[in-house]
1. Hey, of (i) 20, 54, 26, 0; (ii) 16, 25, 27, 18, 11, 4, 0; (iii) 20, 50, 22, 7, 0, which did the structure itself give for P(r) over Cα pairs in 10 Å bins from 0, in percent when calculated?
2. Quickly estimate the mean residue ellipticity at 222 nm for the chain, helices only: each DSSP H run with n ≥ 4 gives -39500 (n - 2.57), and the total goes over all residues, rounded to 500.
3. Roughly how many debye, to the nearest 20, is the charge dipole of the chain about its Cα centre, given +1 on each Lys and Arg Cβ, -1 on each Asp and Glu Cβ, and no other charges?
4. Enter the accessible area per residue of the chain (Å², integer; probe 1.4 Å; all protein chains in place).
5. Specify the angular offset, from 0 to 90 degrees and rounded to the nearest 10, of the alpha carbon long axis of helix 47-65 from the longest principal axis of the alpha carbons in the chain.
6. Please report the net charge: other residues with Cβ closer than 14 Å to the Cβ of Glu15, K and R +1, D and E -1.
7. Among the aspartates and glutamates, which have Cα under 19 Å from the Cα of Lys60 when same-chain residues fewer than 8 positions away are ignored?
8. Show me 22-28, 50-56 ranked by packing, highest mean number of other Cβ atoms within 10 Å first.
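The values are calculated or read from the model by the stated rules, or taken from the named source; none is laboratory data. Remember, it's a predicted structure, so these values are computed and weren't measured experimentally. Ideal geometry is used to build each Cβ from the backbone, glycine not excepted, and the neighbour counts take in all protein chains shown. What goes into the accessible areas is simple: the full protein's heavy atoms, side chains included, and nothing from ligands, DNA or RNA. Shrake-Rupley method; radii C 1.70, N 1.55, O 1.52, S 1.80 Å.
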Amino acid sequence: IDYVRGNTSLDRAVEQIKIATRQLAQKQMKWFRRFENVRWLTADRTPAAIVDEILQFVSKRLVDCQ
C-alpha cells in the first residue's frame, strides 16, 4: 500500500513483504507445534507422491477407528 501511495520504493516494498511473509510463516509454525497429532508433509516430492501419502495416512486412520 505504501508503494501504491508513493510512500516507499518498489524495492523497499518487496523487502517488507518478504519480511512479513517470513514472520507469518514463523507464527504459523509456532501455532502448529501445539498440536501433537499434526502430520507434516514435505514438498520435495511430486504432487502424486504427496497425495499417495495422504491417502495411506487417512486409510490407516479409518482402519484404526473401526
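1. Only one listed value fits the structure, namely (ii).
2. Dividing the helical sum by the residues of the chain leaves -22000 deg cm²/dmol.
3. Dipole about the Cα centre, nearest 20: 280 debye.
4. Here the residues of the chain average 97 Å² of exposed surface.
5. So the helix axis and the longest Cα principal axis differ by about 50 degrees.
6. +1
7. Glu36, Asp52
8. So the peptides 22-28, 50-56, ranked by packing, come out 50-56, 22-28.
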